[in-house]
Amino acid sequence: MLELRHFKLIAAISDTGSLAAASMKLHLTSSALSHQLRDAEERLGVQLFQRRQRRLLLTGAGEKLLLSARKVLNEVAQAEAVCRGHPQDDLLRLSTGCYTVYGWLPPILGQWQSAHPRVELRIVLEATRQPLGALLNGELDLALTTDAPRHARLARTPLFDDELLLVVPEPHVLTRRGYVTAQDLASEHLLTYAAPREQLDVFTRLLWPSGIEPQRVSPVPLTEALVELVRGGIGVTALPDWMLPADLHGLRTLRLTPRGIRRRWSAVTRASRQRPAPLTHFIQLLRERYSLHGESGPRAASRRGARHVNDKPRSRAPSPDEGARTRPARG
């Protein structure tokens, strides 16, 4: 039996004419869609598309299946619309395009939970690699991600901008440069997060556009491990500015390209006329914390918190939520 994902795939390829265009529409890789298409054809025992002049065209069997797919998807969309008309106010499902975001969320989570003690917050870790797709599929209520594309079914609330920097050991030859280009990394040992390369900005926005492949690439599961390996002279890595340790002893940071590689973080939800109150409040807290006084981002929020501590002593010990700053894997 076919699944809903197969019907979405058939409709997307028919609408766009290629796997590459369909992958952008469905927020999945071309490779993943190719596997899904092969799976659907194997289940049915028929060919659904044929390639002609770089376009995928429906076969006779594919055209018949498309008619059924349109009906099924329409029924599902109507069911989703009914459910959105009666949102669940007792559950907020959250995920992000970067595991490291969970390092700066705890202060907000604690404040929000105090205001909504009866609402369950569910962090959906399995949606980390494809948060927008999970949103569109109704599996998430809120995604925190960078450079979210415009989509008729998604609503974006900008939060802050950050910059991706190259981190190198202090005596590295690149420290003589004012900035680093893709060609400069060709002979380097690049340390990255343990994630597909298509999800790493150092590849998609720097190396791949220049056709450059580093001499060696090693995935590392933890941010702290990345930093210490660089400090020990094992290789170089690319990190956003707010993830850099307070102690940069033995490390130097360099801008990537003359203009830098900047990213915009947004809170993304499904587009609707009215958001549930807990979701609206969560986004409000994000904006207040990371977009105040002309400064933005987790690093700026930490500086404001430090000034607050220096100006006025705390009358109580910080809560576990306020103290949590662990940063596991990729960003």
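The values are calculated or read from the model by the stated rules, or taken from the named source; none is laboratory data. Because the structure is a prediction, the values reported are computed rather than measured. Every residue, glycine as well, gets a Cβ built from its backbone with ideal geometry; the counts of neighbours run over all protein chains shown.
Assorted remarks:
- Breaking point among (1) in contact with a helix residue (DSSP H, G or I) (Cβ under 9 Å, 6 or more places away or on another chain); (2) modelled with pLDDT of 90 or more; (3) not aromatic (F, W, Y), for T128: (2)
- Test result for L33, out of contact with any Lys or Arg (no Cβ under 7 Å at 6 or more places or on another chain), surrounded by 14 or more Cβ atoms within 10 Å (Cβ to Cβ) and over 22 Å from R153 (Cα atoms): no
- Residue under evaluation R177, criteria (1) at pLDDT below 90; (2) closer than 18 Å to C98 by Cα, criterion not met: (2)
- Test for L48: is it more than 21 Å from I283 (Cα to Cα) and either surrounded by 13 or more Cβ atoms within 10 Å (Cβ to Cβ) or modelled with pLDDT of 90 or more (or both): yes
- Restricting attention to the stretch 9-26 and to residues that are crowded, with 19+ Cβ neighbours inside 10 Å and touching a residue at least 60 places away in the same chain (Cβ under 8 Å), the residue that is farthest from H151 (Cα to Cα) turns out to be A11.
Let's see how each residue does on (1) over 30 Å from the mean Cα position of the chain (by Cα); (2) outside the structural domain of P131 (by TED's automatic domain parsing); (3) outside any helix (DSSP H, G or I); (4) without any contact (Cβ under 8 Å) to a residue 24 or more places away in the chain:
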| residue | (1), (2), (3), (4) |
| --- | --- |
| L28 | no, yes, yes, no |
| Q36 | no, yes, no, no |
| L73 | no, yes, no, no |
| A77 | no, yes, no, yes |
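- Hey, V268 closer than 22 Å to T145 by Cα and not acidic (D, E) or not: yes
- The single condition among (1) under 30 Å from G133 (Cα atoms); (2) acidic (D, E); (3) outside any strand (DSSP E or B) that E163 does not satisfy is (3).
- Matching entry among A143, A195, A148, A134 (being among the small types (G, A, S) and assigned to a helix (DSSP H, G or I)): A134
- Those residues of the stretch 146-157 which are modelled with pLDDT of 90 or more and within 14 Å of the chain's Cα centre (by Cα), in sequence order: R156
- Residue list for the stretch 233-249, filter: more than 23 Å from the chain's Cα centre (by Cα) and either modelled with pLDDT under 95 or under 25 Å from G97 (Cβ atoms) (or both): G235, A246, D247, L248, H249
- P107 meets the conditions (1) surrounded by 15 or more Cβ atoms within 10 Å (Cβ to Cβ); (2) in a helix (DSSP H, G or I); (3) at pLDDT 85 or above in every case but one. The failed one is (3).
- Which listed residue is in the same structural domain as E288 (by TED's automatic domain parsing), touching a Phe, Trp or Tyr at 6+ places or on another chain (Cβ under 9 Å) and of a type in the set (A, V, I, L, M, F, W, C), from L200, L132, L144, L136: L144
- Strands (runs of 3 or more DSSP E) fully within the stretch 202-270 that include at least 2 residues being surrounded by fewer than 18 Cβ atoms within 10 Å (Cβ to Cβ), free of Cβ contacts under 8 Å to residues at least 12 places away in the same chain and touching a Leu at 6+ places or on another chain (Cβ under 8 Å): none found.
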